[in-house]
Structure formats: structure tokens, C-alpha cells
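Novice: If you scroll down you'll find the structure; I have some questions about it.
The values are calculated or read from the model by the stated rules, or taken from the named source; none is laboratory data. Keep in mind that this is a model prediction, so the values were computed, not measured. Using ideal geometry, Cβ is built from the backbone for each residue, glycine included, and neighbour counts are taken over all protein chains shown.
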Amino acid sequence: MRDTTKSGEFTAADENALWYRQPWTLEFDAAVREVRAAPGAGPRRLALTLDPCGFFPGGGGQPCDLGTVAGAPLAGVREEGGRILHFVDEADWKAVFPEPAAGQTVRCRVDSLRRSDFAQQHTGEHILAACLKTAINVEAVSVHFGEQYSTIETLAREISEDELARAEAAANAVLAGGRKVICHWIDAADMDRYPLRRAPDVRGRVHIVQIGEAGGVADVCACCGVHLPDTSALGHIIITGTEKIRGRVRLRFITGGRVIKAFHAMSSVLGRLRTSLSCADGDLPRAAEDLLAESRNAKRRLGEARGRLFRYEAAELASRSQEYSPAPGVRARFMQAFLGGCGGQELSGFTACCLQTGPAFVLVCDMDEKTPPDKQRGVSWIAAHNFGNGKETDLKVLLPPLLAASGGKGGGTPERFQGSFPGPAAYLEFAAAVRKRFS
Ligand SMILES: [Zn+2]
């Protein structure tokens, strides 16, 4: 996110740069002035300086141009210390120039689709930001241009659906009328002669972007991005959604070629849903709601069935578990089960069912009895009893030494512990020690 009103945004803007003087010169010859190593992560990169510079280095929230220099793909372009650096992978560059290439003249090609796409989004953003102000009195403070969609951050804490629709309609009315886009340079000292939407805090020369001519001016703004010569390529501006950031509304929008792409992407999704749910577009929300309701019902019925099964299995386990005396005057059953394929909730549910069968010590885990001891998998377990928390039966006293001896983790209350082991062998060692101690 870059705030287009911050000073410094305009330092990238050399008014003689090709992307301002002739923004649609996308193929040109340039002299290589310097080639030097550009340290950084990833493949070895070189930084080239070219004359003239025709690759926009990014600014005003707009990403940099990409393309090729002498056939080598550009990995990025940026301004650094007043110079425009063009980054290429060293291997790509050496495939063209095995020897240092400074002084050579090279053919440069700007990726025209990328340039045109971002110029569309940027020009559309000026119109939408202006209409947010004029139609619903909402101020735009920053903009970000992404590969899929762009965002405008506003000062508003809330914007209603109706207000968004009004701003969007106003922006589309500007497009329907068609406007020229006039870009020119002025001295910062003369800025008050222009009806700028927001006055930037800059000195020196300032790049002004004006949408529309006298009588039909939709916006005047200081901006160092690259824009379209007119609005004819934009077609429509669509606000596709909003979100909150730092308590303020940020809205997403698309315009130009992205509108058609988005329409086809949505059509494709709708087509797949239509086929899977066997219904017409208009019935899709109802069909999806029905499906969700059915799924919730099925989950509830499955839970009930599992509960009945657990009660039956717990009773069966109790009937074949041996009784012992965990404390003077207490008789209880030692119940151990291997519940392979069960999750934590199921381990808990089965433990509760076992404890309902009478006085018992229960030890369950989420592995099968036949799991090979050396299998690479963690094991979760629960140990619990229901015969009081006297000193002789306090799990907080009794289990930690057994866990430490087997390399397991766990914690809980005097009557219930749960935890995990790094593998089956360690758990089986722990289970054997627990059985010895509690049965
Ligand atoms: Zn702009």
C-alpha cells in the first residue's frame, strides 16, 4: 500500500522519461550505460542502467513494468538514488552477452499487456476515487494495484451498499461520457491554481493527471503513475467488495479488460455449480442452503449413532475388563481401548461412556492395537477415573513419572489426563506401565 500523497512519490518522475513523454512507445533501442552485480537472495542478478529509460520503475501505487532487454526477461525495475535500475538474471544476460555489455545498443520491449492493464486500473482508480468524493463524500487516501484486483483505502468507517452503488454509478457515468486524460508537469508552487482532489506535500516539478477537458473535468490529481490517453478502454468500473482495515473501509475494484476476465471466471464457476447441483442459476443459493442443511443433519445423526455405539462398546468392554482395588474399600474395572482412526472428540466421548459403566480406570488412544510399534506417527491418549481424588489415585502425582520414563507429554486434573507420544512404541511402554500400576 502506498500513499500517493506522501512526499517522495514524485522523485521517480523524471519528466523526460519515455514512459511520460511517449507512454505508448513500448519497443525502443537503448544504450547499456552500466552493468553491475545486484546482491540479493535467489539467482544472481545484474542491475543495468539504460539510456533512454523506457521501463516505468513503479510509483503512485502502480507496479513497475516488466519486459525484455536484448531478449533477457526483466525481473524488476526500480529507482534507486535517482537512477533507474533494470534487474536481469545473470545467466539470462550472459547467454546474450558473455562479455561486459556496457556501451552496446540493445532492443527493449515493454510487456504491453501488463503496462496497459495497470494503466487501465490506475486511470479507473482516479475516476472512482473522484466519484467517492463527489457522490458520497468519502475520501480516498491510498491505493494498491494487485495482479487480480486493486484496492482503495478510504477514511470512512462505514459505507453502505447504497452509497457504494451510487459511487460506482457515478464512475460509470463518467466512462459512458468518455473523457480524454491529460497529463502535464507543473511547478509545485503553482499547485493552488489547479483544483486538485488532494494536494501532495512535494516540492519541485509535479505530474498532474486530469480526466476530462473543460466543462467535463472528472478529476485532477497529482500522480506519478502511467495512465491511459483516454477512458475508452475502461468500459466499466465495478466495486467487487469491501473490507475493514485499521477500522476504515477499503474497497476492491476492477475495470477495463479485468471486467471481462472476471465475468468469464464467474460464469465458469456458476457453470460448474449448475452441473453439480443440477439446477438453474437462480436456484443455486437455495440448492446450496439445502445441501448445507442436509450435511448438518447427517453430522448430527452420525453423532447420535456414534454415541449409541460407544455406549454399547463401553458396556461390552466393561464386561470383559478385570476388577481391581485402586484404594482401600474401592473396587473398579481397568478398561483399556485402542480407537484407531478416532479424533480427540471421539476419544473423550468413549472415555465418558466407559466411566458411566461404573467405577473404572480408563486408558484410550487413537492407534490400532495392531499398529506396528515402529510406525512413524504420533499417538494421542486419555487416562481417566471416577473413584475420587485421594492421594493414592491422584493422576497428577501418579502419571508424570510414567510419562517421563516413556518420553510422553500430558497434563490434566487428579482424575483426568491427556497427552501424546511421538510414536506407538513409546505409548505401548507407557500403557504397560499404567496397566501394571492401576490393575
Ligand atoms: Zn495515477
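Novice: Of the conditions (1) in contact with a Cys (Cβ under 7 Å, 6 or more places away or on another chain); (2) away from the ligand (no atom under 16 Å from the Cβ); (3) modelled with pLDDT under 90, Gly60 satisfies every one except a single condition; which number is it?
Specialist: (2)
Novice: Would you mind finding the one in Ala119, Ala102 that is among the hydrophobic types (A, V, I, L, M, F, W, C) and more than 16 Å from the ligand (Cβ to nearest atom)?
Specialist: Ala102
Novice: Filter region 239-259 down to the residues that are small (Gly, Ala, Ser) and out of contact with any helix residue (DSSP H, G or I) (no Cβ under 9 Å at 6 or more places or on another chain), then identify the one that is farthest from the ligand (Cβ to nearest atom). It would help to see each step written out before you state the result.
Specialist: Here is the first cut: in region 239-259, the residues small (Gly, Ala, Ser) are 241, 247, 256-257.
With the extra rule that they be out of contact with any helix residue (DSSP H, G or I) (no Cβ under 9 Å at 6 or more places or on another chain), the set shrinks to 241, 247.
On the way: Gly241: 22, Gly247: 26 Å.
Among those residues, the one meeting the criterion is Gly247.
Novice: Still on this structure, I have one more. Could you say whether any residue in region 324-332 is of a type in the set (A, V, I, L, M) and more than 30 Å from Gly419 (Cα to Cα)?
Specialist: The answer is no, given that none of the residues of region 324-332 is of a type in the set (A, V, I, L, M) and more than 30 Å from Gly419 (Cα to Cα).
Novice: When Glu153 is evaluated against the numbered criteria (1) under 30 Å from the mean Cα position of the chain (by Cα); (2) more than 21 Å from Val209 (Cα to Cα), which criterion, by number, is the only one it fails?
Specialist: The number of the failed condition is (2).
Novice: Still on this structure: Mind listing whichever residues of region 211-235 are touching a residue at least 60 places away in the same chain (Cβ under 8 Å) and within 16 Å of Lys180 (Cα to Cα)? Spell out the reasoning first.
Specialist: Within region 211-235, the first condition is being touching a residue at least 60 places away in the same chain (Cβ under 8 Å), and the residues that meet it are 211, 218-219, 221-229, 231, 233-235.
Correct list: Ile211, Ala218, Asp219, Cys221, Val226, His227, Leu228, Pro229, Thr231, Ala233, Leu234, Gly235.
Novice: Can you name the residue in region 216-238 that is touching a helix residue (DSSP H, G or I) at 6+ places or on another chain (Cβ under 8 Å) and farther than 25 Å from Pro200 by Cβ and, of all such residues, is nearest to the ligand (Cβ to nearest atom)? Spell out the reasoning first.
Specialist: Of all residues in region 216-238, those touching a helix residue (DSSP H, G or I) at 6+ places or on another chain (Cβ under 8 Å) come to 216, 218-219, 221-228, 231, 233-238.
If we keep only those that are farther than 25 Å from Pro200 by Cβ as well, we get 233, 235-236, 238.
Values: Ala233: 15, Gly235: 19, His236: 19, Ile238: 19 Å.
Among residues in region 216-238 that are touching a helix residue (DSSP H, G or I) at 6+ places or on another chain (Cβ under 8 Å) and farther than 25 Å from Pro200 by Cβ, the one nearest to the ligand (Cβ to nearest atom) is Ala233.
Novice: Checking Ala176 against (1) within 28 Å of Asp65 (Cα to Cα); (2) more than 15 Å from the ligand (Cβ to nearest atom); (3) surrounded by fewer than 14 Cβ atoms within 10 Å (Cβ to Cβ), which single condition isn't satisfied?
Specialist: (1)
Novice: Something else: Between Asp65, Asp111, which is surrounded by 13 or more Cβ atoms within 10 Å (Cβ to Cβ), within 16 Å of the ligand (Cβ to nearest atom), modelled with pLDDT of 95 or more and within 25 Å of Arg21 (Cβ to Cβ)? Don't jump to the end; show me each part of the working.
Specialist: Working: Asp111 fails: within 16 Å of the ligand (Cβ to nearest atom).
When all the criteria are applied, what remains is Asp65.
Novice: Would you mind telling me which numbered condition in (1) crowded, with 16+ Cβ neighbours inside 10 Å; (2) under 41 Å from the mean Cα position of the chain (by Cα); (3) charged (D, E, K, R) Asp283 fails?
Specialist: Every condition holds for Asp283 apart from (1).
Novice: Let me ask another. List the strands (runs of 3 or more DSSP E) that sit entirely inside region 185-250 and contain at least 1 residues that are in contact with a Leu (Cβ under 9 Å, 6 or more places away or on another chain) and loosely packed, with under 13 Cβ neighbours inside 10 Å.
Specialist: So the answer is 237-245.
Novice: Among the listed residues Ala167, Ala171, which satisfies the condition of being in contact (Cβ under 8 Å) with a residue 40 or more places away in the chain, among the aliphatic types (A, V, I, L, M) and more than 16 Å from the ligand (Cβ to nearest atom)?
Specialist: Details: Ala171 fails: more than 16 Å from the ligand (Cβ to nearest atom).
None of the other options fit; the residue is Ala167.
Novice: Something else now. Filter region 122-146 for residues that are away from the ligand (no atom under 16 Å from the Cβ), on the phi < 0 side of the Ramachandran plot and out of contact with any Lys or Arg (no Cβ under 7 Å at 6 or more places or on another chain) and give the result.
Specialist: Once the filter is applied, which keeps residues that are away from the ligand (no atom under 16 Å from the Cβ), on the phi < 0 side of the Ramachandran plot and out of contact with any Lys or Arg (no Cβ under 7 Å at 6 or more places or on another chain), region 122-146 yields Thr134, Val138.
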